[in-house]
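Peer 1: Just passing along the structure, written as structure tokens.
The values are calculated or read from the model by the stated rules, or taken from the named source; none is laboratory data. Keep in mind that what you see is a predicted model, and the values were worked out from it rather than measured. So basically every Cβ, Gly included, is an ideal-geometry build from the backbone, and we count neighbours across all protein chains shown.
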Amino acid sequence: MSYNKTASITAETINPRVKTFNYEPCGEIAKHAERLEEELKKNPGSRPFQEIIYCNLGNPQALGQLPITFFREVLSLCDNPTLLERDEASMLFSPCAIKRARKIIEAMPGRDSGPYTPSQGIKSLRESVADGIAGRDGYPSRPEDIFLTDGASSAINLTLQMLIRSDEDGILCPLPEYPLYSASIILHGGTMIPYNLSEDGDWGLEIFEVKRCLEEARISGLTVRAMVVINPGNPTGQVLSITNQEEIVEFCRKEGLVILADEVYQDNIYVENKKFNSFKKVARSLGYNANDISIVSYHSVSMGYSGECGRRGGYMEICGFGEDVIGAICKVASVTLCPNIGGQILTSLVMDRPKIGDDCFERFLAEKDNIQSSLVKRAKTLEEAFNSLEGVTCNKIEGAIYLFPRIHLPAAAIKAAKTEGISPDIFYACRLLDDAGIAVVPGSGFHQISGRNMVAGTWHIRCTILPGEDKINEMIPRLKAFHEAFMNEFRDRS
Amino acid sequence: MAATVAVENLNPKVLKCEYAVRGEIVIHAQRLQQQLQTQPGSLPFDEILYCNIGNPQSLGQQPVTFFREVLALCDHPYLLQRDEIKSLFSADSISRAKQILASIPGKATGAYSHSQGIKGLRDTIAAGITSRDGFPANADDIFLTDGASPGVHLMMQLLIRNEKDGILVPIPQYPLYSASIALHGGALVPYYLNESTGWGLEISDVKKQLEDARSKGIDVRALVVINPGNPTGQVLAEENQYDIVKFCKNEGLVLLADEVYQENIYVDNKKFHSFKKIVRSLGYGEEDLPLVSYQSVSKGYYGECGKRGGYMEITGFSAPVREQIYKIASVNLCSNISGQILASLIMNPPKAGDESYASYKAEKDGIIASLTRRAKSLEDAFNKLDGITCNEAEGAMYLFPQLSLPQKAIEAAKAANKAPDAFYALRLLESTGIVVVPGSGFGQVPGTWHFRCTILPQEEKIPAIISRFKVFHEAFMAEYHD
């Protein structure tokens, strides 16, 4: 359907900040992939592949990952609590799911999962989350510090809205970044202050580099309010060492920065020599409490082994803001009333999972281990596959669910891209989609190239590790064949 | 060196925005509720009665069985393989769940969906809109959102460039609008509804406000209409709606139509007409008027507030603008799947012939009839009190009575540093446990005082509420009479 322009609202007269940001995971390549898929449905055989393999979005269940049975049993019972009164329920649901659903429902006013809840989320569920955090970290957590939210994205958006007063407020962000950060900072009128992660250093963070970016920003008149750290990293997949984390904590404490700790991949770690440590735990281990340093930690039910992206469940734990600041956050949260109840329940289940002794524990553990071991396997397989390609180097994936291989493109390919007026990584990603039916996100979508790196011109793609093992076996030969043909086409023939 | 983040250095727009529905009075009520738990008998009442928020199921309204059955099956699709469900779920809830799952790619109910929402569900909603209005709706025009509220935020974010961009908002208004405009740094341009004509809208008044704003250098971009009204409860007359549409077209305004109470109508002489239907009835097409219509699963007879389901139907915007709207929606990926499913269910409920139809209809009719009765009882009760006048609630879920406060009360309020209606509402709370929202939270003609009270408490509680209220009010008026 085509629409004509109307007088008053045109692309020129909408909020310019809306025009400025981009969000590539759902951007051009993704849309093109959808169009190709439609085309394939209408004309099967019109392309050299039968289906698109979507590696652009961290969306596990869309690629065949199964939900955790216990979680879905509890959700179902909470949505239809009359089942709890029926004998037949015991034939359809595990006893521990029935028990947990009862506990959750009984803590809800009116025993009903329909009403608006308090804007921070239901208290008993926040208590479960706080207990889970305390169990994970070994340091206490308070339910009043927890805000349940519609996915971590809402929480991140809310935090940035609170902190950004004008374009003179800067937020330190890693590059490459997950582009929610740049989008949100732009939409709220702030300034992103990038600090480059070091590809040669396994995407590690050099604190002196961050310090340099901070000082440059301050010299230019910016007030730097916070530092975003994504650990494990997206798109880069590194897990920070404790030393690195301690450096960050000391740095932020000294410079008066809030740590915005995106920790949504805490349950996705694939290497033996790294563990997840929350920034709160690191800070407390250094002897710092909420008076010494402010930390906001974000978590979500979308990733890990639960993969419940579409439920929009998550939380932020805020330590070190005064009560009046928390009150202001509550006020803004109250304008959209409350986060969705299904997401709230799921968040509490992820943080308060079945334990040894629960009747469903074995099944839960089996499902969880199955998913996590498969992710480890797929991570390794794809990492090796990328590294086997001519001119491609791929850092080791320690965590999260993405690979971020670097493609050393031949000069002729870069020239061809320029002729088409697009960035070389977009050119490569388009061809990968058109010729091999594999959808990835071009590295420029993660803004890896800051002003400083423009000269160097490194090109990447972000590819998830999420297609099922069978699909990955299908995908790798397609990828190899495509890449070989591409390199041959643009090979330097001088 | 912590405490670098303090209220003084937060985004000032955040500090400026207010949302009285969960504001000061409500926070105080929650403290009193705690007190009742820890020290029973310490207050002159046994329980807090929350009449502040349109939250039907928190006050005993039951969910619609069919909707919850479908949701439960979609939550745990494995159930559909088990024979035992036949004794627990109706045949049509089973078939609807199957149908919904089939429309989800890979039947993956946990995956992020398309950022506008699952296509099959949008098709269903579009069909529901078409059948409601008699004019076609398109699935591509629908954006499923976590309740209607995020859709309002999205449009404000899109439309407001700076503090010189204005949005016409009815006064009294649902304070999401003022809060959202404040958060996005725009200017609220008020147009007053007329209490003496049943909260009617005079286009000439709106035009005057528009011109006034323009003369002050405000670029007025949109007009918000809430129909049925919140807090005011009026259902617009069709002629009024025609006037509004023509006005928006002539003045180049986007029409933001908050229609979340479309299924809450309590009078026989009024019907709900969507603004889209009005626009199309006038022969206006896509080139003539940008229109956004909001609907939600929180209200009606379904009351599924906590599920956060809703949609906006956007028509009359150019393709480049629509792309930008899509882009904003995509940053948050998608709205929650349960809410999406519910939105499709309310727009395509059981029909005559379906197994669940009889019980669905009985539940629906029962709820609407009860709301109608409660609206009337409370309205009559308020009108019987000296110093209170209350317009009829033709729709929505609220009464917005006007208080004629004696001068002494107004002075006492000043001395307590409170708006007179907030002073009254606080005293009401402390004497009776009844929680209402002061009219100043919604805006009102200066010098007039109101409060918003929902019609949602259970029917059995209404007589007690009325008598407690009466006792309080008469004592209050006696205390402060001139």
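Peer 1: Go through the stretch A:379-412 and report how many residues are in a helix (DSSP H, G or I) and under 19 Å from A:S198 (Cα atoms).
Peer 2: Adding up the residues that qualify gives 2.
Peer 1: Here's something else I'd like to know. If you take the residues of the stretch A:156-177 that are within 11 Å of another protein chain (Cβ to nearest Cβ) and either in contact with a Gly (Cβ under 6 Å, 6 or more places away or on another chain) or part of a loop (DSSP other than H, G, I, E, B) (or both), which of them is surrounded by the most Cβ atoms within 10 Å (Cβ to Cβ)?
Peer 2: Here the answer is A:I164.
Peer 1: I'd like the full set of residues that are out of contact with any Asp or Glu (no Cβ under 7 Å at 6 or more places or on another chain) and either more than 8 Å from chain B (Cβ to nearest Cβ) or at positive phi (or both), limited to the stretch A:314-326.
Peer 2: Those that are out of contact with any Asp or Glu (no Cβ under 7 Å at 6 or more places or on another chain) and either more than 8 Å from chain B (Cβ to nearest Cβ) or at positive phi (or both): A:G314, A:Y315, A:M316, A:G320, A:E323, A:I326.
Quick grid of which residues meet (1) part of a helix (DSSP H, G or I); (2) under 21 Å from A:S444 (Cα atoms); (3) over 24 Å from the mean Cα position of the chain (by Cα):
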{"site": "A:G201", "(1), (2), (3)": "no, yes, no"}
{"site": "A:E215", "(1), (2), (3)": "yes, no, yes"}
{"site": "A:V228", "(1), (2), (3)": "no, yes, no"}
{"site": "A:E250", "(1), (2), (3)": "yes, no, yes"}
{"site": "A:K275", "(1), (2), (3)": "no, no, no"}
{"site": "A:V296", "(1), (2), (3)": "no, no, no"}
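For every residue, the table says whether it meets (1) charged (D, E, K, R); (2) farther than 15 Å from B:L345 by Cβ; (3) modelled with pLDDT under 95; (4) in a helix (DSSP H, G or I).
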| site | (1), (2), (3), (4) |
| --- | --- |
| B:G106 | no, yes, yes, yes |
| B:G110 | no, yes, no, no |
| B:D123 | yes, no, no, yes |
| B:A127 | no, no, no, yes |
| B:A137 | no, yes, no, no |
| B:F143 | no, yes, no, no |
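Peer 1: Just to be sure I understand the filter: pairs with C-beta atoms under 9 Å, separated by 6 or more residues or on different chains, first member in the stretch B:100-113 and more than 9 Å from chain A (Cβ to nearest Cβ), second member acidic (D, E). Which pairs pass?
Peer 2: Correct list of pairs: B:S103/B:D123.
Peer 1: So in the stretch A:394-428, with the set limited to residues that are of a type in the set (D, E, K, R) and free of Cβ contacts under 8 Å to residues at least 60 places away in the same chain, which one is surrounded by the most Cβ atoms within 10 Å (Cβ to Cβ)?
Peer 2: A:D425
Peer 1: Given the structure, is A:N56 in a loop (DSSP other than H, G, I, E, B) and more than 10 Å from chain B (Cβ to nearest Cβ)?
Peer 2: So A:N56 passes the test.
Peer 1: Quick check on the stretch B:156-173: of everything there that is more than 11 Å from chain A (Cβ to nearest Cβ) and in a loop (DSSP other than H, G, I, E, B), which residue is nearest to B:V224 (Cα to Cα)?
Peer 2: Among those residues, the one meeting the criterion is B:Q173.
Peer 1: Take B:I94 and decide whether it is out of contact with any Leu (no Cβ under 6 Å at 6 or more places or on another chain), of a type in the set (A, V, I, L, M), more than 9 Å from chain A (Cβ to nearest Cβ) and crowded, with 21+ Cβ neighbours inside 10 Å.
Peer 2: It is false that B:I94 is out of contact with any Leu (no Cβ under 6 Å at 6 or more places or on another chain), of a type in the set (A, V, I, L, M), more than 9 Å from chain A (Cβ to nearest Cβ) and crowded, with 21+ Cβ neighbours inside 10 Å.
Peer 1: Now for a different question. For the subset of the stretch A:81-132 comprising residues that are free of Cβ contacts under 8 Å to residues at least 60 places away in the same chain and on the phi > 0 side of the Ramachandran plot, which member is farthest from the other protein chains (Cβ to nearest Cβ)?
Peer 2: By that ranking, first place goes to A:R111.
Peer 1: Residue check: is B:L210 out of contact with any Asp or Glu (no Cβ under 7 Å at 6 or more places or on another chain) and either touching a residue at least 24 places away in the same chain (Cβ under 8 Å) or polar (S, T, N, Q) (or both)?
Peer 2: no
Peer 1: Filter the stretch B:37-56 down to residues that are buried (at least 24 other Cβ atoms within 10 Å of the Cβ) and at the interface with another protein chain (Cβ under 8 Å from one of its Cβ atoms) and give me whichever is nearest to the chain's Cα centre (by Cα).
Peer 2: B:N55
Peer 1: Pull out all pairs, ordered by first then second residue, where Cβ-Cβ is under 9 Å, the residues are six or more apart or on different chains, the first lies in the stretch B:44-58 and is closer than 23 Å to B:E304 by Cβ, and the second is among the acidic types (D, E) and modelled with pLDDT under 95.
Peer 2: B:Q57/A:D112; B:S58/A:D112
Peer 1: Does any residue of the stretch A:277-284 turn out to be on the phi < 0 side of the Ramachandran plot, away from chain B (no Cβ under 14 Å), part of a helix (DSSP H, G or I) and basic (K, R)?
Peer 2: Within the stretch A:277-284 (the criterion being on the phi < 0 side of the Ramachandran plot, away from chain B (no Cβ under 14 Å), part of a helix (DSSP H, G or I) and basic (K, R)), the answer is yes, since at least one residue qualifies.
Peer 1: Output the qualifying pairs, or none if there are none: Cβ atoms under 7 angstrom, residues six or more apart or on different chains, first residue in the stretch B:286-307 and over 30 Å from B:V321 (Cβ atoms), second residue assigned to a strand (DSSP E or B) and hydrophobic (A, V, I, L, M, F, W, C).
Peer 2: Going by the 7 Å Cβ cut-off, there are no qualifying pairs.
Peer 1: Of all residues in the stretch A:99-118, which are closer than 16 Å to B:Q30 by Cβ and modelled with pLDDT of 95 or more?
Peer 2: Those that are closer than 16 Å to B:Q30 by Cβ and modelled with pLDDT of 95 or more: none in the stretch A:99-118.
Peer 1: Counting only residues that are more than 15 Å from B:R452 (Cβ to Cβ) and either in contact (Cβ under 8 Å) with a residue 60 or more places away in the chain or out of contact with any Pro (no Cβ under 6 Å at 6 or more places or on another chain) (or both), how many does the stretch B:393-411 have?
Peer 2: Looking only at that region, the number is 8.
Peer 1: Of all the residues that make up the stretch B:285-300, how many are under 18 Å from B:N336 (Cα atoms) and outside any loop (DSSP other than H, G, I, E, B)?
Peer 2: Looking only at that region, the number is 3.
Peer 1: OK, next. Of the residues that sit in the stretch A:10-44 and are hydrophobic (A, V, I, L, M, F, W, C) and at the interface with chain B (Cβ under 10 Å from one of its Cβ atoms), which one is farthest from B:G252 (Cα to Cα)?
Peer 2: Out of the qualifying residues, it is A:A30.
This table checks each residue for (1) facing chain A (nearest Cβ under 9 Å); (2) surrounded by 17 or more Cβ atoms within 10 Å (Cβ to Cβ).
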| position | (1), (2) |
| --- | --- |
| B:I325 | yes, yes |
| B:I337 | yes, yes |
| B:I341 | no, yes |
| B:L345 | no, yes |
| B:K351 | no, no |
| B:Y360 | no, yes |
| B:A369 | no, no |
| B:R373 | no, no |
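Peer 1: Pairs needed: first member in the stretch B:2-22, under 11 Å from A:G322 (Cβ atoms) and facing chain A (nearest Cβ under 7 Å); second member anywhere, in a loop (DSSP other than H, G, I, E, B) and among the charged types (D, E, K, R); C-beta distance under 7 Å; at least 6 residues apart or different chains.
Peer 2: Hits for this filter: B:A2/A:D292.
Peer 1: Return the residues of the stretch A:331-349 that are more than 8 Å from chain B (Cβ to nearest Cβ) and at pLDDT below 95; say none if nothing qualifies.
Peer 2: Residue satisfying the conditions is A:A333 alone.
Peer 1: When you scan the stretch B:253-287, how many residues do you find that are within 14 Å of chain A (Cβ to nearest Cβ), over 28 Å from B:L399 (Cβ atoms) and touching a helix residue (DSSP H, G or I) at 6+ places or on another chain (Cβ under 8 Å)?
Peer 2: The qualifying residues number 4.
Peer 1: Residues A:S124, A:S113, A:S90, A:S94: which one is surrounded by fewer than 21 Cβ atoms within 10 Å (Cβ to Cβ) and touching a Cys at 6+ places or on another chain (Cβ under 8 Å)?
Peer 2: A:S94
Peer 1: With (1) touching a residue at least 60 places away in the same chain (Cβ under 8 Å); (2) touching a strand residue (DSSP E or B) at 6+ places or on another chain (Cβ under 8 Å) as the list, and B:I181 as the residue in question, which single condition is left unmet?
Peer 2: (1)
Peer 1: Do we find that B:E304 is within 14 Å of chain A (Cβ to nearest Cβ) and of a type in the set (D, E) in this structure?
Peer 2: It is true that B:E304 is within 14 Å of chain A (Cβ to nearest Cβ) and of a type in the set (D, E).
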